[in-house]
Amino acid sequence: MAESYETLLVEIRDGVAIVTLNRPKALNALNATVMTELVAALKGFQADAAIGAVLLTGSEKAFAAGADIKEMQGLDFVDAYLGDFISGWDGVGAFRKPLIAAVAGFALGGGCELAMMCDFIIAADTARFGQPEITLGIIPGMGGTQRLTRAVGKAKAMDLCLTGRMMDAAEAERCGLVARVVPYERLLDEAVEAAHKIAGFSQPAVGMAKEAVDRAFEQTLSEGLRFERRLFHSLFATDDQKEGMAAFIEKRRAVFKNR
Ligand code: HXC
């Protein structure tokens, strides 16, 4: 049984948790409740061995239109600094299982940053991405200047962060922000299919693949290659490696046990 939340809908389907942001009147603006609930839900999925992948999505109109401006409006510097405002969101980036964003409509500001905290983004042709914080007199605060720059390069990141303009799904795919673009009607099926596929593989291998790709953004090539090689070697200690290779040779489907 999935937990119930005020701002999220959660459905568990065959090893995949589907989390839908659910603040429709505010275009899924990310307030403290959404983020607290999301981080708590992810914590639960982390501890649940039956969950192999998580899908995060929003509505047809908005994945999320940003951090909640009404909630932030009255904040002052000292409160933001001493309270370490939004540091709780780091819990999303720290999630260790695969996390896929399925984005339709607006993914702006914190919404775009939340999508970028996921491992990859599948976008509907209706998706629009942007970092409009500059129009509010602030800058991105949850990776918009860092993850976006790594994903799309300096020119496009500067363009988006300095002008606050939105880009459509085709442009987002061209510049490498999103992994795939599909018609809106196909979005959830395509993302669920991808999540199911991942959830069917060996969890230790999946976890290490995620960790190794993430390392590419943290260290030099030679250190990254060494890290990858060590993880690669370690997977030969798993039963799942034996099973995966035996299944290939015996021309059958592998049944992984996550051991
Ligand atoms: C609070 C928001 C909101 C937001 C929309 N709403 N975005 N409320 N915070 N980020 C609310 C509106 O106030 C409105 O509520 C309702 O959602 C519908 O929005 P409309 O503006 O009427 O819809 P539309 O005309 O279709 O325009 C859609 C939109 C626009 C282009 C997405 O809403 C917009 O520009 N939103 C703000 C986008 C933004 O600046 N995001 C960055 C936020 S800063 P009412 O009650 O009036 O009906 C940020 C900082 C991140 O994210 C830092 C780290 C986390």
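The values are calculated or read from the model by the stated rules, or taken from the named source; none is laboratory data. This is a predicted model, so every value here is computed, not measured. Methodologically, a virtual Cβ is constructed for each residue, glycine included, from the backbone with ideal geometry; neighbour enumeration extends over all protein chains shown. Remember, those area values only see protein heavy atoms, side chains included, never the ligands or the DNA or RNA. Shrake-Rupley method; radii C 1.70, N 1.55, O 1.52, S 1.80 Å.
Rounded to the nearest 5, the antiparallel percentage of DSSP beta bridges internal to the chain is 30%. Accessible surface calculations at 1.4 Å, restricted to protein heavy atoms, place region 120-259 at 62 Å² per residue.
Taking the average, over residues, of other Cβ atoms within 10 Å as the packing measure, peptides 242-254, 208-220, 112-124 rank 112-124, 208-220, 242-254 from highest down.
Accessible-area rank, largest first, for Asp68, Asp90: Asp90, Asp68, with all protein chains present and a 1.4 angstrom probe. If R0 is taken as 30 Å, the Cβ-Cβ distance between Glu171 and Ile12 corresponds to a FRET efficiency of 0.30. Sequentially through region 29-36, phi angles give Karplus couplings (6.51, -1.76, 1.60; θ = phi - 60°) of 3, 8, 9, 4, 5, 4, 6, 5 Hz, Gly and Pro residues having no value and appearing as x. Apolar share of the accessible surface for region 205-259: 60 percent from carbon plus sulfur atoms, 1.4 Å probe.
Whole number in Å², please: accessible area per residue of region 1-116, 1.4 Å probe, ligands, DNA and RNA not counted. All intermediate terms of the calculation are to be shown ahead of the outcome.
Numbers: 5490 Å² over 116 residues.
Here the residues of region 1-116 average 47 Å² of exposed surface.
Using only the alpha-carbon atoms of region 126-185 as identical scatterers, what base-10 log of I(q)/I(0) does the Debye formula give at q = 0.13, 0.15, 0.20, 0.21 Å⁻¹? Listed by q, the Debye log ratios stand at -0.32, -0.42, -0.71, -0.78.
Around the amide H of Ala62, modelled in the peptide plane, lie the amide H atoms of Phe106, all under 5 Å away and 5 or more residues distant in sequence or on another chain. Residues of region 31-59 with the amide nitrogen closer than 20 Å to a label point 7 Å from the Cα of Ser234, along Cα-to-Cβ, please. Backbone N within reach: 46-49, 52-53.
Here region 72-180 has 56 percent of its accessible surface on carbon and sulfur atoms, given a 1.4 Å probe and all protein chains in place. Roughly what % of Cα-Cα distances in the chain sit above 26 Å, to the whole percent? I get 43 percent for the Cα pairs in the chain exceeding 26 Å. Rounded to the nearest 20, the size of the Cβ-charge dipole of the chain about its Cα centre is 820 debye, with Lys and Arg at +1 and Asp and Glu at -1. Only Cα pairs under 8 Å and 6+ residues apart enter the sum, and on that basis the relative contact order of region 137-201 stands at 22 percent. All Cα-Cα separations within region 1-54 were binned at 5 Å from zero, giving a P(r) of 4, 21, 32, 22, 13, 6, 1, each value a whole percent of the pairs. Approximating the spin labels as points 7 Å out from Cα along Cα→Cβ, the Val213-to-Glu193 distance works out to 1.8 nm.
Within the straight-line cut-off of under 14 Å between alpha carbons, the aspartates and glutamates reachable from Lys25 are Glu6, Glu60, Asp68, sequence neighbours fewer than 8 places apart in one chain being disregarded. Ranked by the mean number of other Cβ atoms within 10 Å per residue, highest first, peptides 100-111, 3-14 order as 100-111, 3-14. Calculated [222 nm] ellipticity per residue, helices only, for the chain: -12000 deg cm²/dmol; basis is -39500 (n - 2.57) per DSSP H run with n ≥ 4, divided by all residues, nearest 500.
Sort the following peptides by mean Cβ neighbour count (other Cβ atoms within 10 Å, averaged over residues), highest first: 132-138, 158-164.
158-164, 132-138
Its relative contact order, with pairs defined as Cα atoms under 8 Å and 6+ residues apart, puts region 1-127 at 26 percent.
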